[in-house]
1. How about segment 322-357: which of its residues are aromatic (Phe, Trp, Tyr) and more than 18 Å from residue 376 (Cβ to Cβ)?
2. I'd like the full set of residues that are more than 27 Å from residue 275 (Cα to Cα) and of a type in the set (A, V, I, L, M, F, W, C), limited to segment 210-249.
3. For segment 216-241, give me the residue count where each residue is surrounded by 24 or more Cβ atoms within 10 Å (Cβ to Cβ) and at pLDDT below 95.
4. All but one of (1) over 26 Å from the mean Cα position of the chain (by Cα); (2) at pLDDT 95 or above hold for residue 501; which doesn't?
5. Would you call residue 335 free of Cβ contacts under 8 Å to residues at least 60 places away in the same chain and out of contact with any strand residue (DSSP E or B) (no Cβ under 8 Å at 6 or more places or on another chain)?
6. Given 93, 66, 78, which one is touching a helix residue (DSSP H, G or I) at 6+ places or on another chain (Cβ under 8 Å) and surrounded by fewer than 20 Cβ atoms within 10 Å (Cβ to Cβ)?
7. With segment 222-325 as the region, which helices (runs of 4 or more DSSP H) entirely inside it contain at least 3 residues that are within 21 Å of residue 123 (Cβ to Cβ) and out of contact with any His (no Cβ under 7 Å at 6 or more places or on another chain)?
8. Might you check whether a residue that is farther than 28 Å from residue 505 by Cα and crowded, with 24+ Cβ neighbours inside 10 Å occurs anywhere in segment 425-433?
Amino acid sequence: MRRSWPWGLSGPAVALIFLVVVGSVGRSSACDGITDARLFLVPAADHPANSTRPIFDAPESYPRYVGSARGANNYQAVDGQQDSTPRGYIPQVPHTYALMEATYGVMNEHGVGIAESTCSCIDWSKIPSAAHLVGRAKPLMAIDTLSRIGLERATTARETVQIMGALAEAHGFYGPDSFEGTGETLLVEDGNESFVFHILGDPTGSSAVWVAQRVPDGHVAVCANLYIVREVDLNDPSQFLYSQSMVSLAQEHGLWTPGTPFDFAGIYSDGEYAHKYYSGRRMWGAYHLLAPSLNLNASYDNLLHDRPYPFSVRPDRLLNVSDFFRVHRYSYEDTPYSLRQGIAAGAFGTPDRYSGGAGEAEVQGNWERPISLFRTTYSHVIQSHRDLPAAVRGTLFFGPHAAHGTCYLPLFSGQTEMAEAYRQARAGKLNRTSAFWAFRYVENLANLRFDAMIQDINAQQRTYEAEGVALRAQLVAAAQAGHVDVANLTTASLALTQRVVAKWWELADDLMVKYADGWVTVNLGPVDAAAPPGYPAWWLKQVGYPEGPPPVDAVHDNLDLGQK
């Protein structure tokens, strides 16, 4: 039976993770800025009987991997890089499916899509009954690896969850060794079902604890660095999947009492990290845009204990991909929490808030955490339709770098080649063939005069994102009519990406010419017109402009003019 969902088409709701922005924090650096932003297409492959699959470390920083195990044309050594050494091996399957992967697996040839969010979790070393067990084994699986293997081996979201869970239980799971905790979340969807998958390591290092809850049809779920699965129905496998260790470890270590509701987040989460509202404000922000009729409260005492937001919500209206682009770009405009207002936003309303440095060692505090973050490596929206041919069943709208400066363009589950612009993305080296650098360059340039430049950027985004949506509609219509041309959809996607990246480099030059030196300059053919817009009055007052050097004395000035 065909059903209508929030996309405004047949298929289920796509429940997004915010941050779908990669990487919370990696083991060695802030993945929200200096991660490996490359996107590769790993080809399908057949494997000999009794062969093994190598498992590599998951540093997330550049280069996340060097070698040929992920496709001969991917991850090639440059600048003296050495091939990565396997962390271990697992048995290989006879056939693996093609997938697109960045820091994490993103989408496979069957239209199964994944988004990721690092989450806080309990620290087993601080639980007396488990402390003596910590670190006995070396776990093999990180979330990066699980997401890729799941997409390599599965054709549905449910199957992906089961494969990832089984591998983590069999070989052990480890998360990022950082301030935030070592838990992880993946949202897995296939155009028919969507699951929120939470995971953490067990105290021995040899297994894992995990749960997955199905997102109700027509709903959107938001995860922002915090587990959101609460009461687990232990007797409903249609809605909940989980490891046996989930229950046994909680009972063994006094985290849960049989006969009471099994609250996964209440048992295994460590709450918000970084600061209060770090997770909750983003959850509220997404729901504020997508389901404003709920009138959810933006404030609370404790996000984990107060539970101010539901696991998922039904949006107020049918949604399209542009609605999700908007959520990704949200900095709480027109609310009391807007990062576009106030002295911290500067004269021109930038939402970017930098962190670190000697100043923060002297002045304690926190910035509001927006959904749209300047140090994002990439974000994406996946639109899946299970009834379509596999070649167009999944569409990945991919946006390198920060959402407010990027352009989300379509890639298709059946395409056979990745745009070179996505395959080049090293944060420490400017590359004008790189989509990541094109969008990064423009977003940083926009801070010269954000209020004006963002309007030019938004105009470009609307133009080319609409073109991408139209391209998808055209290819889907052709596929529904029985015309599936993989070569054509690959060529169309590559051509659009190449053209938009070139336009973004042109946009950088156009913005520089138009806004250089604090002016707004317009080319009128044979002549230029320019005007100095200056600073807004509110900002001049706050920064002490009225207390600056006084004007020249009018009488003295008149006398000087008379003498001359």
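1. Residues satisfying the conditions are 337, 348.
2. If the condition is that a residue be more than 27 Å from residue 275 (Cα to Cα) and of a type in the set (A, V, I, L, M, F, W, C), then 215, 232, 234, 240, 241, 246, 247, 249 are the ones that fit.
3. Residues meeting the conditions: 7.
4. With (1) over 26 Å from the mean Cα position of the chain (by Cα); (2) at pLDDT 95 or above applied to residue 501, the lone miss is (1).
5. Considered against the rule, which asks whether it is free of Cβ contacts under 8 Å to residues at least 60 places away in the same chain and out of contact with any strand residue (DSSP E or B) (no Cβ under 8 Å at 6 or more places or on another chain), residue 335 comes out as yes.
6. Going through 93, 66, 78 in turn, just one is touching a helix residue (DSSP H, G or I) at 6+ places or on another chain (Cβ under 8 Å) and surrounded by fewer than 20 Cβ atoms within 10 Å (Cβ to Cβ): 93.
7. 244-252, 264-268, 303-306
8. No, every residue in segment 425-433 fails to be farther than 28 Å from residue 505 by Cα and crowded, with 24+ Cβ neighbours inside 10 Å.
The values are calculated or read from the model by the stated rules, or taken from the named source; none is laboratory data. No experiment lies behind these values; they were computed from the predicted model shown. Don't worry about glycine lacking a Cβ; one is built from the backbone with ideal geometry, like all the others, and counts go over all protein chains shown.
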